[in-house]
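First the structure, in the form of structure tokens, and then the observations on it.
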Amino acid sequence: MPVTRAFIEDLVAGRRSWADVVDPAKGVAFVQYTVSDSDPGVFTASSLLCGAAAVRALDDRHARFAEVIETDEIFDCAHATCRLGIAGEFASTARLVFTTDDTGLRLAAVEDVNSANAPDDEAPVLARLLDQQRGKRCR
């Protein structure tokens, strides 16, 4: 089952619940790798959120995601990933990475990255941040 813009629009609008895509046993990995000209210039973060905490973190992004959908600057889906962001030198884009299981689509990761001027090492840094959460389980 491919991830579509309509599916993401339904999640953001509340027609579907984020809880429906959060695997209670695996949770959602939230990783961030952004670079700016402020201090600190490079920011990385990696965490695994489970159940209600993951749903709250996604609900907290409601206004941002709704703005992105309305402006339609960076909002595309391909295969198992959707990108939602605002174009700009130091703006960020969220990549929602899904997997499938016997219940349907599951959100595996939320990757926050620069919308423009991605650092050369973005892919390996994100992989390292995701690896920090790989194999962890929710209680």
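The values are calculated or read from the model by the stated rules, or taken from the named source; none is laboratory data. Being a predicted model, the structure only gives us computed values, none of them experimental. Cβ: placed from backbone, ideal geometry, glycine included. Neighbour counts: every protein chain shown.
Could you please give the count of residues in region 22-49 that are in contact with a strand residue (DSSP E or B) (Cβ under 7 Å, 6 or more places away or on another chain) and among the acidic types (Asp, Glu)?
1
Which one of the conditions (1) touching a residue at least 40 places away in the same chain (Cβ under 8 Å); (2) surrounded by fewer than 19 Cβ atoms within 10 Å (Cβ to Cβ) does LEU58 fail to meet, given that it meets all the rest?
Of (1) touching a residue at least 40 places away in the same chain (Cβ under 8 Å); (2) surrounded by fewer than 19 Cβ atoms within 10 Å (Cβ to Cβ), only one is false for LEU58: (2).
Return yes when ALA19 is farther than 21 Å from LEU126 by Cα, among the small types (Gly, Ala, Ser), surrounded by fewer than 16 Cβ atoms within 10 Å (Cβ to Cβ) and at pLDDT 95 or above and no when it is not.
So ALA19 passes the test.
Looking only at residues in region 32-55 that are surrounded by 15 or more Cβ atoms within 10 Å (Cβ to Cβ), aliphatic (A, V, I, L, M) and touching a residue at least 60 places away in the same chain (Cβ under 8 Å), which one is nearest to ARG16 (Cα to Cα)?
LEU48
So which strands (runs of 3 or more DSSP E) stay within region 33-129 end to end and still have 1 or more residues that are closer than 23 Å to PRO2 by Cα?
It comes to 74-78, 81-85, 92-101, 104-114.
Just checking, how many residues over region 12-21 are touching a strand residue (DSSP E or B) at 6+ places or on another chain (Cβ under 9 Å) and among the hydrophobic types (A, V, I, L, M, F, W, C)?
Selection size over region 12-21: 3.
What do you reckon, is ALA54 under 15 Å from VAL12 (Cα atoms) and modelled with pLDDT of 95 or more?
The answer is yes for ALA54.
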